[in-house]
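Here is the structure we will look at.
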Amino acid sequence: MSEILIEQIDQVLHISLNRPEKKNAITQGMYSTLASTLNNAAGDFGIRTVVISGNGKAFTAGNDIMDFMNEEITLTSPVFHFLKALHDFPKPLIAAVQGNAVGIGTTMLLHCDLVFAAPDAIFQMPFVTLGLVPEAGSSILFPRLVGHAKASEIFLTGRSFDASESLTMGLINSIEDTPLERALSVAAMIAKQPPNAVLNTKALLKSGSHIAIENVMLAEGEMFRIALQSDETQAAFMAFMTSRAKG
Ligand code: COA
């Protein structure tokens, strides 16, 4: 079974992360498929909105830590192709989140146009705890959303926050018992709107900061890549893998 499932329902494309036994941790291979799926959807007149979700109990536990340990990440790695595809995606992108949304599982939501989350959703960006730095433009997008003080607290402590706090922040649109159902239904509603007006409105909403965010993403990417090799990060990854191996 593929680790990324893609299904088209009328004019809505539904992408689901399908690696539930690893909490949908995303490998470089999965990023490649996600990037090409988004890039193809961008140019496909038959697709008007995209929904992204995760199968199983978690949305995603973020980047696969084994991949981080085993593969050299460069600015041409699939993860960065995915981030670029996400940032440039011209059509409405709607996320449905349940359970854990760690690392890129939270930062990708800052690029989504609408987000629906289950009451059990838990968001976390533990980059500093892992010896890393924020990614995916989150070092500009997150403080812009919540203010510098709150963003600093969350990034520097690495603490998680729940669905109700994410609603207060404006990270999500609403808390839903069945977030995927709600995401698909709103996606179908938007897909019926005049398509050019939808595209133009999304472009306008993002126009003020598109290039600034792209520049921040490049700077973050370079610092993240270097931090991955650091002793702090290697020790944190090793501690995670060892704790899981012990059960
Ligand atoms: N990379 C690789 N494997 C991961 C993973 C990740 N990011 N997150 C979870 N897994 C694996 C675990 O190793 C475990 O594998 P195993 O069953 O073969 O031992 C399996 O997924 C289930 O995870 P587990 O930790 O047992 O689930 P949990 O419900 O107790 O905890 C999380 C869920 C998400 C809180 C926890 O898995 C976690 O903190 N993961 C790491 C998140 C992270 O730091 N991501 C990187 C951000 S840059």
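Bear in mind that the values in this text are calculations on the coordinates, not laboratory data. Since the structure is predicted, the reported quantities are computational estimates derived from the model, not experimental observations. Cβ: placed from backbone, ideal geometry, glycine included. Neighbour counts: every protein chain shown.
Here are some notes:
- Farthest toward the positive end of the dipole of the stretch 4-179, out of 173, 45, 97, is the Cα of 173, where the dipole comes from beta carbon charges about the Cα centre.
- Placing +1 on each Lys and Arg Cβ and -1 on each Asp and Glu Cβ, with no other charges, gives the stretch 4-179 a dipole about its Cα centre of roughly 200 debye.
- Estimated [θ] at 222 nm from DSSP helical runs (n ≥ 4, -39500 (n - 2.57)) normalised by residues in the chain, nearest 500: -15500 deg cm²/dmol
- Chymotrypsin sites (Phe, Trp or Tyr not before Pro) restricted to the stretch 1-104 and DSSP loop, no more than 11 other C-beta within 10 Å: 45
- Fewest-first sequence of 76, 37, 107 by Cβ atoms within 10 Å of each Cβ: 76, 37, 107
- Too-long pairs where the Cα-Cα distance tops 19 Å, listed order kept, from 23/202; 23/57; 91/202; 23/150; 22/57: 23/202; 23/150
- Ordering 9, 142, 56 by Cα displacement along the dipole of the chain toward the positive end leaves 9 in first place; charges were set at the Cβ atoms of Lys, Arg (+1) and Asp, Glu (-1).
- Among 126, 90, 194, residue whose mean-square fluctuation peaks in a GNM of the chain (springs only between Cα atoms under 10 Å): 194
- DSSP-defined beta bridges in the chain - what % are antiparallel, rounded to 5: 30 percent
- Longest DSSP-loop-exposure-free segment, trypsin sites (Lys or Arg not before Pro), the chain, at most 14 other Cβ within 10 Å: 58-158
- Candidates 64, 231, 88: whichever shows maximal mean-square fluctuation once the chain is modelled as a Gaussian network with Cα springs under 10 Å: 231
- In percent, rounded to a whole number, the relative contact order of the chain is 20, using alpha-carbon pairs under 8 Å and six or more apart.
- Semi-axes of the equivalent ellipsoid of the stretch 21-138 are 21, 18, 13 Å, computed as sqrt(5λ) over the eigenvalues of the C-alpha gyration tensor in descending order.
- Packing-based exposure ordering (other Cβ within 10 Å, fewest first) of 184, 75, 38, 167: 75, 167, 184, 38
- 3J(HN,Hα) along the stretch 56-64, derived from phi through the Karplus expression 6.51 cos²θ - 1.76 cosθ + 1.60 where θ = phi - 60°, amounts to x, 7, 10, 6, 6, 7, x, 4, 5 Hz, with x in place of Gly and Pro.
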